[in-house]
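Step one of this worksheet: look at the structure below.
Here, each number is a calculation from the coordinates, and none is a lab measurement. Remember, it's a predicted structure, so these values are computed and weren't measured experimentally. No Cβ is skipped: glycine too gets one built from the backbone with ideal geometry, and neighbour counts run over all protein chains shown.
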Amino acid sequence: MKDLLEFIAKSLVDYPDDVEVKQIEGERSLILELKVAPDDMGKVIGKQGRIAKAIRTVVNAAAVKENKRVIVEIIQ
């Protein structure tokens, strides 16, 4: 999941070297914290949060195979 989120985020932003994904794992859930450069924050969130919602949807669809619940947090 971490690699998928990192790939998507790096594809969207202008500064791919500043993309950081931190993974916090629980028993049945997984929290992914996405951190990007301040200038790229708008590109990851999108208008009215549409891109962020799409990213969460794709990551959740991939997580269904592992029977895990994934939470994607975008951190400044």
Quick one: Cα convex hull volume of the stretch 12-75, Å³ per residue?
80 Å³
What's the local net charge at residue 13, with K and R +1, D and E -1, over the other residues with C-beta under 15 Å away?
-4
Just from its helices, what would the mean residue ellipticity at 222 nm be for the chain, if runs of 4 or more DSSP H residues each count -39500 (n - 2.57) and the sum is divided by every residue, rounded to the nearest 500 deg cm²/dmol?
-11500 deg cm²/dmol
Residue by residue through the stretch 56-73, what is 3J(HN,Hα) from phi via Karplus (6.51 cos²θ - 1.76 cosθ + 1.60, θ = phi - 60°)? Round to whole Hz and write x for glycine and proline.
4, 5, 5, 5, 5, 5, 5, 6, 4, 4, 9, 6, 10, 9, 10, 10, 9, 10
Which cross-chain or sequence-distant (5 or more) residues have an amide H under 5 Å from the amide H of residue 69, H modelled 1.01 Å from N in plane?
29, 30
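Below 14 angstrom from the Cβ of residue 67, what's the summed charge of the other residues (Lys, Arg +1; Asp, Glu -1)? Present the calculation step by step, with values, prior to reporting the outcome.
Working: positive: 28, 65, 68, 69; negative: 25, 27, 66.
It works out to a net charge of +1.
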Note down the relative contact order for the stretch 1-70 as a percent, whole number, built from C-alpha pairs under 8 angstrom at least six residues apart.
31 percent
Each residue of the stretch 6-15 in turn: what ³J(HN,Hα) in whole Hz from Karplus with 6.51, -1.76, 1.60 and θ = phi - 60°, glycine and Pro shown as x?
5, 4, 5, 5, 5, 6, 8, 8, 7, 10
